[in-house]
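Asker: Got a structure here, written out as structure tokens. Questions coming.
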Amino acid sequence: MPWSLVIHGGAGSIERHRLTPEQDAGVRAALALALDRGGAILSAGGSALDAVEAAVQVLEDDPHFNAGRGAAFGRDGTIELDAAIMDGHHRAAGAAAGLTTTRSPVALARRVMEASPHVLLSGTGAESFAREQGLEAVDPAWFATPERRRQLDELLARARDANGADAFDVDMKYGTVGAVACDAAGHLAAATSTGGVTGKRWGRIGDSPLIGAGTFADDRACAVSCTGSGEFFIRVGVAHEIAARIRLAGDSPQAAAEAVMAEVKALGGTGGVIVTAPGGEAVWTFTTPGMYRARATAAGLREVAVYGDE
Ligand code: ASP
């Protein structure tokens, strides 16, 4: 069976003139490292589940991405993290939302799946479960970076100019991280991790930790991880909808992904998705100017890309 791995580091207004050469190089190096970590597991015969968790953890620790260290700030200046993981073989899933101290939200999502009877835990309860499971906790300051703080300040200034109207980071310049894989046994897995959107309030939770919205895997169809304006992805049920099109309508993974992203766009949302399928397909599509993304397959494909045209 051919293995395949696709990762993303967020979709948004990612254009050449907006990124410094250092940012461009840093993002590409991190994507390549995440691809190598996940690819090494798959090429050695390891599971899709281990591969997506390992790839996402590399990006969570890298400050270039809005997940783990480098996550977006909420309006009150705090950082709340969300993540999910799903195993396409058994359709087992785990997720956590509103985390403030767990270093690796995706690792906690996996513990929720494997060591609790639940699928989605949130807030202080999720944090206590993480401690019971022995997962590393960090001071919330560990997640904070000056660049994200600057983005929040810019957004708050814009909101003041608009007479205090609520504002979100509509540009979605840097996003969420995710990975999808198909292993040599033909099993699929998907994982997503995020700080959500800059300026979020009131315990807002996006699509990323919601199974069927931002994250989904089913060996009968595909594995999907999303990035973009989460409210729209939730309303469309993007990840499950892509799987349903493949399973029930016989769409190819590429056609299904494009059709569902067109629905998101029609409602006013933007973003991108990555998809793997049991035949080893490794595809992506996005409606934003760019998406941090990379893919590798057993057949020797290896690609790291940032902008619309590369
Ligand atoms: N989809 C994420 C959320 O809405 C944000 C992103 O992908 O950038 O929380």
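The values are calculated or read from the model by the stated rules, or taken from the named source; none is laboratory data. All values derive from a computational prediction rather than experimental measurement. We place every Cβ from the backbone using ideal geometry, glycine too, and count neighbours over all the protein chains shown. For accessibility, only protein heavy atoms count, side chains too; no ligands or nucleic acids. Shrake-Rupley method; radii C 1.70, N 1.55, O 1.52, S 1.80 Å.
Asker: Where does the charge balance sit around A189 when Lys and Arg score +1, Asp and Glu -1, over other residues with C-beta under 9 Å from its C-beta? Each step should come with its number before you reach the end.
Answerer: Values: positive: none; negative: D50, E53, D87, D183.
My count for the surroundings of A189 gives -4.
Asker: Counting only heavy atoms of the protein chains, get the accessible area per residue of segment 250-310 (1.4 Å probe) and round it to a whole Å² value.
Answerer: Here the residues of segment 250-310 average 37 Å² of exposed surface.
Asker: Round to the nearest 10 and give me the degree value, 0 to 90, for the angle of helix 146-161's Cα axis relative to the longest principal axis of the chain.
Answerer: Long axis of 146-161 versus the principal axis of the chain: about 60 degrees.
Asker: Could you tell me the relative contact order of the chain? Use alpha-carbon pairs under 8 Å, at least six residues apart, and round to a whole percent.
Answerer: Once divided by the residue count of the chain, the mean separation gives 27 percent.
Asker: Can you figure out the FRET efficiency of W202 with A44, using R₀ = 30 Å and their beta-carbon distance, to the nearest 0.05?
Answerer: Efficiency at R0 = 30 Å is approximately 0.10.
Asker: A further question on this structure: Work out the length of the dipole vector of segment 3-84 about its Cα centre, built from +1 on the beta-carbon of each Lys and Arg and -1 on the beta-carbon of each Asp and Glu, and round it to the nearest 20 debye.
Answerer: Dipole magnitude for segment 3-84 comes out near 240 debye.
Asker: A follow-up question, please. Please list, in chain and number order, the residues 5+ apart from G98 or on another chain whose amide H is under 5 Å from its amide H, with Hs placed from the backbone.
Answerer: L81, D82, G123
Asker: Now a separate question. Using θ = phi - 60° and the Karplus relation 6.51 cos²θ - 1.76 cosθ + 1.60, list the HN-Hα couplings for segment 249-258 in order, rounded to whole Hz, with x at every Gly or Pro.
Answerer: Coupling constants for segment 249-258: 10, x, 4, 6, x, 5, 5, 5, 4, 5 Hz.
Asker: Picking from V304, G268, A255, whose Cα lies most toward the positive end of the charge dipole for the chain (charges on Cβ: Lys, Arg +1; Asp, Glu -1)?
Answerer: Result: G268, furthest along the dipole toward the positive end.
Asker: With angles folded into 0 to 90 degrees, how steeply does helix 105-115 sit against the dominant principal axis of the chain? Use alpha carbons for both and round to 10.
Answerer: Approximately 50 degrees, to the nearest ten.
Asker: Shifting gears a bit: Run the dipole for the chain about the Cα centre, Lys and Arg Cβ at +1, Asp and Glu Cβ at -1, nothing else charged, and hand back the magnitude in debye, nearest 20.
Answerer: On the way: 28 positive and 38 negative charges, 54 e Å.
Around 260 debye, computed over the chain.
Asker: Based on Cβ point charges of +1 for Lys and Arg and -1 for Asp and Glu, what charge dipole magnitude is obtained for segment 1-150 about its Cα centre, in debye rounded to the nearest 20?
Answerer: Result for segment 1-150 is approximately 260 debye, rounded to the nearest 20.
Asker: Accessible area per residue of segment 1-144 at 1.4 Å probe, in Å²?
Answerer: Computed with neighbouring chains in place, this is 38 Å² per residue.
Asker: Calculate what fraction, in whole %, of the accessible area of the chain sits on carbon and sulfur atoms when a 1.4 Å probe is rolled over the protein chains. Don't jump to the answer; show the numbers that get you there.
Answerer: Values: 6140 of 11580 Å².
Ligands and nucleic acids excluded, carbon and sulfur give 53 percent.
Asker: Also: Starting with the highest mean, order 96-104, 222-230 by the number of other Cβ atoms within 10 Å, averaged over the residues of each peptide.
Answerer: Going by the mean number of other Cβ atoms within 10 Å, highest first, we get 222-230, 96-104.
Asker: Right, something else. So, counting K/R as plus one and D/E as minus one, what does the shell of residues with Cβ under 14 Å around A32 add up to?
Answerer: On the way: positive: R28, R37, R293, R295, R302; negative: D24, D36, D62, E303.
So the surrounding residues net to +1.
Asker: Let me ask another. How much length is gained on full extension from E147 to M1, taking 0.36 nm per residue of separation minus their Cα-Cα distance?
Answerer: 48.3 nm
Asker: Would you be so kind as to identify which of P278, A223, A84 lies farthest towards the positive end of the dipole of the chain, taking Lys and Arg as +1 and Asp and Glu as -1 on Cβ and the Cα centre as origin?
Answerer: Farthest along the dipole direction, towards plus: A84.
Asker: Tell me the relative contact order for segment 1-104 as a rounded percent, counting alpha carbon contacts under 8 Å between residues six or more apart.
Answerer: Values: 110 pairs, mean separation 19.8, N = 104.
Relative contact order of segment 1-104: 19 percent.
Asker: Same structure again: What net charge is computed for the residues neighbouring T124, neighbours being all others with C-beta under 13 Å from the C-beta of T124, Lys and Arg scored +1, Asp and Glu -1?
Answerer: -2
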